[in-house]
Structure formats: C-alpha cells, structure tokens
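First up is the structure itself, then whatever we jot down about it.
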Amino acid sequence: MKDTLRAGIRYEHRFVVPSSKTVPALYPEAEEFLAMPEVFATGYLVGFLEWACVKAVNPHLDWPAELTLGTHIDVSHEAATPPGMEVTASVELVEVSGRKLSFLVEAHDGVDIISRGRHERFVVDRSRFDTRVGEKRASHGTGGESS
C-alpha cells in the first residue's frame, strides 16, 4: 500500500447497462430469473459498485501484486434501470483501518438514485492469496469447479 491510500479518495465510474447485465441474464439456469423484467440486476449492481471502489484505490496500491477483495456490502437497490441507460457510481473511501477499507457508495441512472450504502474491501497480497486458495482447493480435491 502506498502512503497515498487515505480517507477522502473519491471516484466516479460510468457504465451503459447492456442486456447481459439484467435480471434474466444473472442466472440463466434459474427459470424464476428468466421470467423477471429485463432491468439492471442487483447482483450486477453490486459488482458495478465494487468495480468503482477498485478503480478508486488501485492507483494507491502496488497493483496488481496487491489488490482489494470485497468483504462486506450493505446497499439499497431503489429504482429499476432498463438496458441502454448509463449508470454512474460515486464512491468515497471514508476509512482506512490497517488493510480494511470502508467506502460510502451511491449510484444513479440519470433519472433516479438507484443505490446507496456502504462497502468494505480488504487489501491482500495476490501471491499469498493465490497460494491459500490453491491449498484450499487441493485439500478438498477440487479442480476449481463446483459440483
């Protein structure tokens, strides 16, 4: 971590919602999801907010040797956004406590605020993380795919 990784970092990230990021596309294996409206899925919204937080702090890390992983998210999903609309995430790093990073997050689609809340990430060493995941995989005899 660089000494520039401090509370107060702000970042704004924009994304045009494609059909592939709507509820029916979230789990195409799920008949229930396939029957739902084609609007920005909460699961993809969460990923979009995480993406903005990653973009905010990467310049302040030894990236890609260091990276951040999401550890907690508490956000609303207040309004539906159809594909083709641009969404904007506004994030602010509000606390750095060791390797734990806390953010305030908000997103809007140009018409409505679609999300707001908090997100936490943890700075990890990529090499050590990959080693631990490899050990876990080996101890459970998995090749990386779930059954």
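Where a number appears in this text, it was derived from the coordinates with a stated rule and is not lab data. Note that this is a predicted model, so its numbers are computed, not measured. Here the Cβ is made from the backbone with ideal geometry for all residues, glycine too, and neighbour counts use every protein chain on show.
Observations
- Pair Phe33, Arg126: separation of 7 Å Cα→Cβ label points (nm): 2.7
- Think of the chain as having a plus end and a minus end, set by charges on the Cβ of Lys, Arg, Asp and Glu; of Leu61, Gly141, Val16, Leu61 sits farthest toward the positive end of this dipole.
- Net charge of neighbours whose Cβ lies under 13 Å from the Cβ of Arg14, counting Lys and Arg as +1 and Asp and Glu as -1: -2
- Computed over neighbours whose Cβ is under 12 Å from that of Gly110, the net charge equals -2, Lys and Arg +1, Asp and Glu -1.
- All-pairs Cα distance distribution in the range 10-139, expressed in whole percent, bin size 5 Å: 2, 10, 18, 18, 16, 14, 12, 7, 2, 0
- Taking 37 °C and 0.692 mPa s as conditions, the range 92-147 diffuses translationally at an estimated 227 µm²/s according to Stokes-Einstein applied to its Kirkwood radius (Cα pairs).
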